[in-house]
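Below is one structure, written out as C-alpha coordinates, with a few remarks after it.
The values are calculated or read from the model by the stated rules, or taken from the named source; none is laboratory data. Please read these numbers as outputs of a predicted model, since none were measured by experiment. Cβ sites come from the backbone with ideal geometry, for glycine too, and all protein chains shown count toward neighbours. The accessibility values were calculated without ligands, DNA or RNA, using every heavy atom of the protein model including side chains. Shrake-Rupley method; radii C 1.70, N 1.55, O 1.52, S 1.80 Å.
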Amino acid sequence: CQHSKSAPINTVRAPNGAPIYRIERGGEVTYHGPGQLVVYPLLDLQRHPYKKDLHWYLRCIEEVVIKTLEEYGIHGERDEINTGVWVNTNKIAAVGLSSARWITTHGFAININPDLNMFDSSIIIPCGIEGRGVTSIARELQRQETNAKIHTPCITDVAEVVLDKVEEVFRVPVKSGDHLV
(Lines give C-alpha, C1' and ligand atoms only; values in the text may rest on other atoms or scores of the structure.)
Protein backbone atom coordinates (compact mmCIF):
# COMPACT_ATOMS: atom_id res chain seq x y z
CA CYS A 1 0.00 0.00 0.00
CA GLN A 2 1.19 3.49 -0.69
CA HIS A 3 1.18 6.31 1.79
CA SER A 4 0.86 9.82 0.56
CA LYS A 5 3.29 12.32 1.96
CA SER A 6 1.92 15.71 2.70
CA ALA A 7 3.76 18.61 1.17
CA PRO A 8 5.90 20.67 3.53
CA ILE A 9 4.25 23.85 4.68
CA ASN A 10 5.88 26.92 3.17
CA THR A 11 5.63 29.65 5.75
CA VAL A 12 4.73 33.07 4.39
CA ARG A 13 6.78 35.81 6.02
CA ALA A 14 6.17 39.51 6.51
CA PRO A 15 8.89 41.95 5.35
CA ASN A 16 10.31 41.96 8.90
CA GLY A 17 10.61 38.15 8.88
CA ALA A 18 7.64 37.37 11.13
CA PRO A 19 5.76 34.24 10.05
CA ILE A 20 2.18 34.76 8.91
CA TYR A 21 -0.54 32.17 9.58
CA ARG A 22 -4.15 32.28 8.44
CA ILE A 23 -6.55 31.29 11.19
CA GLU A 24 -10.30 31.31 11.61
CA ARG A 25 -11.28 33.91 14.18
CA GLY A 26 -12.61 37.44 14.31
CA GLY A 27 -10.60 40.56 13.70
CA GLU A 28 -8.01 41.26 11.09
CA VAL A 29 -4.32 40.81 11.80
CA THR A 30 -2.69 40.34 15.16
CA TYR A 31 0.72 39.38 16.42
CA HIS A 32 1.68 37.03 19.25
CA GLY A 33 5.31 36.75 20.20
CA PRO A 34 7.96 37.08 22.90
CA GLY A 35 7.20 39.74 25.49
CA GLN A 36 3.45 39.13 25.50
CA LEU A 37 1.33 37.28 28.02
CA VAL A 38 -1.26 35.35 26.01
CA VAL A 39 -4.19 34.07 28.07
CA TYR A 40 -6.87 31.79 26.64
CA PRO A 41 -9.38 30.99 29.41
CA LEU A 42 -11.51 27.92 28.83
CA LEU A 43 -14.81 28.56 30.58
CA ASP A 44 -18.26 27.04 30.27
CA LEU A 45 -20.45 30.14 30.18
CA GLN A 46 -23.54 28.00 30.82
CA ARG A 47 -22.36 27.30 34.36
CA HIS A 48 -22.76 29.50 37.42
CA PRO A 49 -21.35 32.10 38.14
CA TYR A 50 -20.80 32.85 34.45
CA LYS A 51 -23.40 34.19 32.03
CA LYS A 52 -24.44 32.88 28.65
CA ASP A 53 -23.48 36.22 27.12
CA LEU A 54 -20.34 36.87 25.05
CA HIS A 55 -20.59 40.65 25.53
CA TRP A 56 -20.58 40.12 29.30
CA TYR A 57 -17.56 37.83 28.92
CA LEU A 58 -15.75 40.37 26.72
CA ARG A 59 -16.30 43.15 29.28
CA CYS A 60 -15.07 40.87 32.08
CA ILE A 61 -11.90 40.03 30.14
CA GLU A 62 -11.29 43.74 29.52
CA GLU A 63 -11.85 44.40 33.24
CA VAL A 64 -9.26 41.76 34.16
CA VAL A 65 -6.73 43.58 31.98
CA ILE A 66 -7.67 47.04 33.28
CA LYS A 67 -7.30 45.88 36.89
CA THR A 68 -3.99 44.18 36.05
CA LEU A 69 -2.64 47.42 34.56
CA GLU A 70 -3.76 49.36 37.66
CA GLU A 71 -1.34 47.22 39.70
CA TYR A 72 1.47 48.82 37.68
CA GLY A 73 0.08 52.36 37.87
CA ILE A 74 -1.13 52.31 34.25
CA HIS A 75 -4.57 53.66 33.37
CA GLY A 76 -6.14 51.30 30.83
CA GLU A 77 -9.58 51.89 29.40
CA ARG A 78 -12.15 50.50 27.01
CA ASP A 79 -12.87 52.03 23.63
CA GLU A 80 -16.53 52.59 22.73
CA ILE A 81 -16.03 51.07 19.27
CA ASN A 82 -13.06 48.69 19.37
CA THR A 83 -12.43 45.74 21.68
CA GLY A 84 -9.31 45.47 23.76
CA VAL A 85 -7.74 47.71 26.36
CA TRP A 86 -6.20 51.04 25.48
CA VAL A 87 -3.82 53.56 27.03
CA ASN A 88 -4.85 56.83 25.42
CA THR A 89 -5.03 55.94 21.70
CA ASN A 90 -2.65 52.97 21.91
CA LYS A 91 -3.73 49.35 22.33
CA ILE A 92 -1.96 47.59 25.18
CA ALA A 93 -4.04 44.40 25.13
CA ALA A 94 -5.81 42.66 22.27
CA VAL A 95 -8.93 40.62 22.94
CA GLY A 96 -10.28 37.98 20.60
CA LEU A 97 -13.18 35.79 21.59
CA SER A 98 -14.71 32.64 20.27
CA SER A 99 -16.89 29.95 21.73
CA ALA A 100 -18.45 26.66 20.79
CA ARG A 101 -21.51 25.53 22.75
CA TRP A 102 -20.78 28.41 25.16
CA ILE A 103 -17.30 27.09 26.01
CA THR A 104 -14.85 29.91 25.44
CA THR A 105 -11.73 29.71 23.35
CA HIS A 106 -9.30 32.47 22.51
CA GLY A 107 -8.79 35.27 24.98
CA PHE A 108 -6.35 38.14 25.30
CA ALA A 109 -2.74 39.17 24.96
CA ILE A 110 -1.14 41.83 27.15
CA ASN A 111 1.93 43.54 25.74
CA ILE A 112 4.48 43.47 28.54
CA ASN A 113 7.74 44.10 26.72
CA PRO A 114 7.43 42.88 23.12
CA ASP A 115 9.34 44.21 20.15
CA LEU A 116 6.83 46.89 19.18
CA ASN A 117 8.40 47.05 15.71
CA MET A 118 6.43 43.88 15.00
CA PHE A 119 3.35 46.11 15.02
CA ASP A 120 4.79 48.44 12.36
CA SER A 121 1.76 49.72 10.44
CA SER A 122 3.62 49.41 7.14
CA ILE A 123 3.61 45.63 7.78
CA ILE A 124 0.33 45.01 9.60
CA ILE A 125 -2.57 47.07 10.85
CA PRO A 126 -3.14 45.51 14.27
CA CYS A 127 -6.69 44.21 14.59
CA GLY A 128 -7.54 46.09 11.39
CA ILE A 129 -7.74 49.42 13.22
CA GLU A 130 -6.08 52.21 11.30
CA GLY A 131 -4.69 55.36 12.88
CA ARG A 132 -4.09 53.83 16.31
CA GLY A 133 -0.86 52.65 17.86
CA VAL A 134 0.29 49.82 20.08
CA THR A 135 2.01 50.16 23.43
CA SER A 136 3.29 47.95 26.24
CA ILE A 137 3.65 47.92 29.99
CA ALA A 138 7.38 48.59 29.54
CA ARG A 139 6.78 51.64 27.32
CA GLU A 140 4.13 53.07 29.64
CA LEU A 141 6.36 52.61 32.70
CA GLN A 142 9.21 54.36 30.85
CA ARG A 143 6.88 57.30 30.12
CA GLN A 144 5.94 57.54 33.81
CA GLU A 145 9.44 57.33 35.24
CA THR A 146 11.58 60.41 34.89
CA ASN A 147 14.60 59.89 37.11
CA ALA A 148 13.93 56.55 38.78
CA LYS A 149 15.30 53.25 37.58
CA ILE A 150 12.71 51.53 35.38
CA HIS A 151 11.57 48.04 36.35
CA THR A 152 9.53 46.16 33.78
CA PRO A 153 7.75 43.20 35.37
CA CYS A 154 8.48 39.75 33.99
CA ILE A 155 5.77 37.70 32.32
CA THR A 156 5.45 35.38 35.32
CA ASP A 157 4.82 38.32 37.66
CA VAL A 158 2.13 39.72 35.36
CA ALA A 159 0.60 36.23 35.04
CA GLU A 160 0.26 36.06 38.84
CA VAL A 161 -1.55 39.41 38.87
CA VAL A 162 -3.81 38.29 36.00
CA LEU A 163 -4.78 35.15 37.95
CA ASP A 164 -5.67 37.28 40.98
CA LYS A 165 -7.76 39.60 38.81
CA VAL A 166 -9.54 36.68 37.11
CA GLU A 167 -10.56 35.47 40.58
CA GLU A 168 -11.72 38.96 41.52
CA VAL A 169 -13.65 39.81 38.35
CA PHE A 170 -15.24 36.41 37.72
CA ARG A 171 -15.65 35.68 41.46
CA VAL A 172 -14.23 32.17 41.14
CA PRO A 173 -11.16 30.48 42.57
CA VAL A 174 -8.41 29.84 40.07
CA LYS A 175 -6.61 26.55 40.29
CA SER A 176 -3.04 27.08 39.19
CA GLY A 177 -0.79 24.31 38.01
CA ASP A 178 2.96 24.00 38.25
CA HIS A 179 3.49 26.30 35.27
CA LEU A 180 1.73 29.60 34.72
CA VAL A 181 3.56 30.53 31.57
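Dipole size in debye (nearest 20) for segment 35-85 around its Cα centre, Lys and Arg Cβ +1, Asp and Glu Cβ -1?
280 debye
How large is the translational diffusion coefficient of segment 29-104 in µm² per second when you combine the Kirkwood radius over alpha carbon pairs with Stokes-Einstein at 20 °C and 1.002 mPa s?
Diffusion coefficient, whole number: 159 µm²/s.
So how exposed is residue 139, as accessible area in Å² (1.4 Å probe, rounded to 10)?
Ignoring ligands and nucleic acids, residue 139 comes out at about 90 Å².
Based on Cβ point charges of +1 for Lys and Arg and -1 for Asp and Glu, what charge dipole magnitude is obtained for segment 36-119 about its Cα centre, in debye rounded to the nearest 20?
For this selection, approximately 380 debye.
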